[in-house]
Amino acid sequence: MSFTTPSGERVRRSAATEDRIQAQELHDKLKAESWRVAKLGEKPKRTWDEAAYKWLMETQHKKTHHDDVAKISWLQQFFRGKYLDELTRDVIARIGELKLKETSFATANRLLALIRSILRRAALDWEWIDKPPVIKLYREAKRRVRYLNPVQANLLMQELPEHLADIVKFSLATGLRRSNVTKLEWSQVDLQRNVAWIHGDQAKAGKPIHVTLNATAIAVLTKQLGKHPKSVFSYQGKPITQVNTKAWYKALKRAGIEDFRWHDLRHTWASWLAQNGVPLNVIQEMGAWESAEMVRRYAHLAPEQFSQHARVVDDVLNSTNLAQSK
């Protein structure tokens, strides 16, 4: 579309739609807006399209950039050509309800969170609107922590093909996420110092992760030496990229393990640490969780750890009683 503003500026841009009627509506809206800005001195009104485009340009570094593109593409059917001040709390809530009909609470919340982030930046950083609307997210049911006991873990590894069993054992020994294990390269391992590291651009939180390798992890890594020049874990000369295979699910079934995901290996690692007295703040640091809230899910597995602190009150009360009896 193309038009000339009252100040003589030539505006040429895509309407971001193949629908001629929608393109004409956006053209007329922008042309009228340019007149009010030039003749009445009003603050330029920005559209959702402009905000979404600017957001995508400024957040290309995000790991979830492609996810944002997909979400915004879905939102265009509702928000295309709308001014930001038209996106009220009620309008956005209706979009959340529509999304909820076809997805889960978590997926709907991620969509609403993206809208909220864009509108907050439009208000606080770009100053395109006075203030962002209040957007409430849906309350999500908290998943229970699913973990294996040592007997189940060993049974599972016995049922797995050797190359997958090695990856499972290494995951249980380090608590690393699936992608950090499958993408681990020899350049990230120092067997002399018993350490490994995950680069910041490979970590979920975007920060480098230091991994202290215990004897179990060292044994698994030593077994992989010479199998592939670059990747730590390989099968028949090729790097392993997929672990949620038929062999994985068949092994779970033979081991009698139900409702268990690969990511639950990480929960198993953290649960074992908590059950054996490792403080939650240490588990948080070792597991590279950004917030303590993510680690509190394991607190109920460490009753002995907390009971020793609770006994401090016993000592305080007993010392008070002794002092009063004298």
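The values are calculated or read from the model by the stated rules, or taken from the named source; none is laboratory data. Small disclaimer: the values here were computed from a predicted structure and weren't measured. Positions of Cβ are backbone-derived with ideal geometry, glycine not excepted, and every protein chain shown enters the neighbour counts. Only protein heavy atoms, including side chains, enter the accessible area calculation; ligands, DNA and RNA are left aside. Shrake-Rupley method; radii C 1.70, N 1.55, O 1.52, S 1.80 Å.
Against the chain, whose longest principal axis comes from its Cα atoms, helix 150-159 is set at around 80 degrees.
Exposure check, 1.4 Å probe, all protein chains in place: residue 78 carries approximately 60 Å² of accessible surface.
Figure the gain on full extension for residue 85 and residue 194 (residue separation times 0.36 nm, minus the Cα-Cα span) and round it to one decimal in nm.
Values: separation 109, 0.36 × 109 = 39.24 nm, distance 5.65 nm.
Using 0.36 nm per residue and subtracting the Cα-Cα distance, I get 33.6 nm.
Determine the per residue accessible area of the chain with all protein chains present and a 1.4 angstrom probe, expressed in square angstrom. List each step's numbers first, then the result.
Values: 19910 Å² over 326 residues.
For the chain, the per-residue accessible area is 61 Å².
Could you work out how much longer the chain between residue 94 and residue 299 gets when fully extended? Use 0.36 nm per residue separation minus the Cα distance between them, nm to one decimal. Working shown, then result.
Values: separation 205, 0.36 × 205 = 73.80 nm, distance 3.77 nm.
Gain on stretching residue 94 to residue 299: 70.0 nm.
Pairs exceeding a 28 Å alpha-carbon distance, out of 99/253; 71/207; 204/238: 99/253.
Expressed as a whole percent, the accessible surface of the chain that belongs to carbon and sulfur atoms is 52, based on a 1.4 Å probe.
Between residue 311 and residue 1, the distance separating the two model label sites (each 7 Å from Cα on the Cα→Cβ line) works out to 7.4 nm. The GluC sites (Glu not before Pro) found in region 35-110 that occupy coil by DSSP, while having at most 13 further C-beta atoms within 10 Å, are 42.
Cα gyration tensor of region 146-239, axes a ≥ b ≥ c as square roots of the eigenvalues: rounded (a/c below 1.5), prolate (a/b > b/c) or oblate?
Values: a/c = 1.60, a/b = 1.23, b/c = 1.30.
It comes out oblate by the Cα gyration axes.
Evaluate E = 1/(1 + (r/R0)^6) for residue 24 and residue 73, where r is the Cβ-Cβ distance and R0 equals 25 Å; express this FRET efficiency to the nearest 0.05.
On the way: r = 22 Å, r/R0 = 0.87.
For R0 = 25 Å, the calculated efficiency reads 0.70.
Ignoring aspartates and glutamates fewer than eight residues from residue 223 along the same chain, the ones with Cα atoms less than 12 angstrom from its Cα are 162, 166. Its DSSP H runs of at least 4 residues, each contributing -39,500 (n - 2.57), put the calculated 222 nm mean residue ellipticity of the chain at -16500 deg cm²/dmol, to the nearest 500. For the chain, the longest principal axis of the C-alpha atoms and the axis of helix 89-102 are separated by about 50°.
Among the listed values [x] 20, 37, 24, 15, 4, 0; [y] 23, 40, 28, 9, 1; [z] 29, 50, 21, 1, the one computed from these coordinates for P(r) over Cα pairs in 20 Å bins from 0, in percent is [y]. Between residue 66 and residue 120, the C-beta separation translates, for a Förster distance of 25 Å, into a calculated FRET efficiency of about 0.70.
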